[in-house]
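Input: a single structure, listed below in structure tokens.
The values are calculated or read from the model by the stated rules, or taken from the named source; none is laboratory data. All figures in this text were calculated on a predicted structure; none of them were measured in a lab. Cβ coordinates were reconstructed from backbone atoms using ideal geometry, including for glycine residues, and neighbour counts include every protein chain displayed. Quick note on the areas: whole protein, heavy atoms, side chains included, nothing else; ligands and nucleic acids left out. Shrake-Rupley method; radii C 1.70, N 1.55, O 1.52, S 1.80 Å.
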Amino acid sequence: MQQDKKTLAITTQHQSNVTYQLKKLLSLAMIIFTGTTSADTNNVPVIHLVTEHLPPYQIENKNKKSSGFAVDIIKETMARSNYTYSLKSYPWVRSYKLAQIKANHCIFSIARLKSREALFKWVGPISKVNNTAMWGLKDQKIVVNNLEDAKKYTIAVNRNDIAHTGLVERGFIEGKHLYVLDDAKSLINILITRPEIDLIVADDTTVNFRAELAGVSVDKLQKIHEIKGLPLDFFFACSRQTDDKIIKHLATKLHSLYKDGTYEAIWNQWKSKMISIE
């Protein structure tokens, strides 16, 4: 009887040891699994999208929610990608800077200029080519037959946008020919309220939205001169610090919108808002 008790005690102790060892192995396996899962998760970056309020391409409402033609294109591209993303709308100057200095930060809608080529990694085009033109007030007599004529006047531009960069590339000088703003929302207001400002630069599509935003009738404006060789072709681009594999992947997904007709479908939803003003 005493032997049976001793045997039972040994068996129980052995089972306890086995159970303890199994628990240790299970705990170790869970640690390894969790660590692997975390590592895998950490290897998939979040893409930070930055943009500006530029109707009808990007429209920021009072709740800071973004909509618009380009927003729809980018959201569909991201939905087809392997990445989660954030989308923030800032003044252009801030978005432009973030998309140059931070990894996995991408910007839209940005015109692709020679001077910008090396500043970003370019994913692909997201808008049909538009124009760039100089606009003035109808009650002023301003004649511009070429860009040299325009240097007689003071032109308001938004810092680091296509007008600013494009005109600097063409010999216009800040403080002499160009009055540079940090906030595009005040572009038309400054034309209306500041007599020393003769012209602004905008495209046919966004000028009426800029006027509406400023509370000004677009009928007060007239197109003075179209800037040849400076088409407003908007792109999707990312910082130079972003991995090439991400750029290639996003480029493939963006291109797929063109291939399967999704791009054209989104365009058809918005084209009535792409109003040309003469």
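Every test in (1) over 18 Å from W122 (Cα atoms); (2) not in a loop (DSSP other than H, G, I, E, B) is passed by A70 save one, and that test is (1).
Scanning the stretch 211-230 for residues that are touching a residue at least 60 places away in the same chain (Cβ under 8 Å) and either crowded, with 17+ Cβ neighbours inside 10 Å or of a type in the set (A, V, I, L, M) (or both), we see that the one that is nearest to R112 (Cα to Cα) is L230.
Condition (residue is modelled with pLDDT of 55 or more, assigned to a loop (DSSP other than H, G, I, E, B) and open to solvent by 70 Å² or more (accessible area, probe 1.4 Å)) applied to the stretch 47-60: is it met by at least one residue? No, there is no match, as no residue in the stretch 47-60 is modelled with pLDDT of 55 or more, assigned to a loop (DSSP other than H, G, I, E, B) and open to solvent by 70 Å² or more (accessible area, probe 1.4 Å). Before we move on, is K259 within 19 Å of the chain's Cα centre (by Cα) and surrounded by fewer than 13 Cβ atoms within 10 Å (Cβ to Cβ)? Considered against the rule, which asks whether it is within 19 Å of the chain's Cα centre (by Cα) and surrounded by fewer than 13 Cβ atoms within 10 Å (Cβ to Cβ), K259 comes out as no.
If you go through the stretch 61-95 and pick out every residue that is open to solvent by less than 30 Å² (accessible area, probe 1.4 Å), of a type in the set (F, W, Y) and under 11 Å from the mean Cα position of the chain (by Cα), you end up with 1. Hey, any hits in the stretch 85-94 for a residue that's at negative phi, of a type in the set (A, V, I, L, M) and at pLDDT 95 or above? Yes; the residues of the stretch 85-94 include at least one that is at negative phi, of a type in the set (A, V, I, L, M) and at pLDDT 95 or above.
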